[in-house]
Amino acid sequence: MKKIIIGIVIIIVSFMIIQTIRFNYSGRDIREFKFFNLNNEKVELEEIFDKENDKLILYIIPDCESCTSKIQSILSDKKYSKSQVIIISVGLKTFDFNKFYSDNFKNHNVTFLIDANNTFYRDFGLGFTEEYPTVIQFKLRENKFARIRNYELNIKKF
């Protein structure tokens, strides 16, 4: 009986270690991350990246009003005016993303994508704690990205 309990504990601990490493791994190339556009077509971020500007990637829950208002303030902030803005929404099964985009972002120069598989946090190696909106800045020339907390640019990972 004691051996069975020890075996189960070892399996559980091993699983937790593997999951922690998987969720905190940030060595992948951001350009290869895949999401869906409004036409439900799978696209890699590389396909939508312009070749000149740094990127500002905003991960949101679309039915969150505070997220939408924070995004509007980020879009109007002049320090981000030279960045390509990409908004990625959590994949919700029964949500009209086209209407949401039309109502909130159509008049802005943004790219809107959907994370149908909800892999954003794993892809970016952000761990288990989610907060919305999550803001990622990608430095194109350095090919590095970092999370922006409180939307300040004093980022320690660069």
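At a glance:
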quantity	calculated
Output for region 41-54, where each listed residue is surrounded by 12 or more Cβ atoms within 10 Å (Cβ to Cβ) and part of a loop (DSSP other than H, G, I, E, B)	Phe49, Asn53, Asp54
Single residue of Ile71, Ile57, Ile87 found to be touching a residue at least 24 places away in the same chain (Cβ under 8 Å), open to solvent by less than 20 Å² (accessible area, probe 1.4 Å) and in a helix (DSSP H, G or I)	Ile71
Conditions (1) at pLDDT below 85; (2) closer than 22 Å to Asp29 by Cβ; number of the one not met by Ile114	(1)
Within region 1-43, considering residues that are touching a Phe, Trp or Tyr at 6+ places or on another chain (Cβ under 7 Å) and closer than 19 Å to Val90 by Cβ, the one modelled with the lowest pLDDT	Phe23
Odd one out for Lys99 among (1) under 18 Å from Glu46 (Cβ atoms); (2) of a type outside the set (S, T, N, Q); (3) modelled with pLDDT of 85 or more; (4) open to solvent by 70 Å² or more (accessible area, probe 1.4 Å)	(1)
Candidate set from region 116-148 (those that are closer than 21 Å to Tyr80 by Cβ and among the acidic types (Asp, Glu)); member that is most open to solvent (accessible area, probe 1.4 Å)	Glu142
Failed item, numbered, when Pro62 is tested on (1) assigned to a loop (DSSP other than H, G, I, E, B); (2) open to solvent by 30 Å² or more (accessible area, probe 1.4 Å)	(2)
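The values are calculated or read from the model by the stated rules, or taken from the named source; none is laboratory data. All of these numbers come straight from a predicted model, not from anything done at the bench. Please note: Cβ atoms are built from the backbone with ideal geometry, for glycine as well, and neighbour counts cover all protein chains shown. Surface areas here come from the heavy atoms of the whole protein model, side chains and all, with no ligands, DNA or RNA. Shrake-Rupley method; radii C 1.70, N 1.55, O 1.52, S 1.80 Å.
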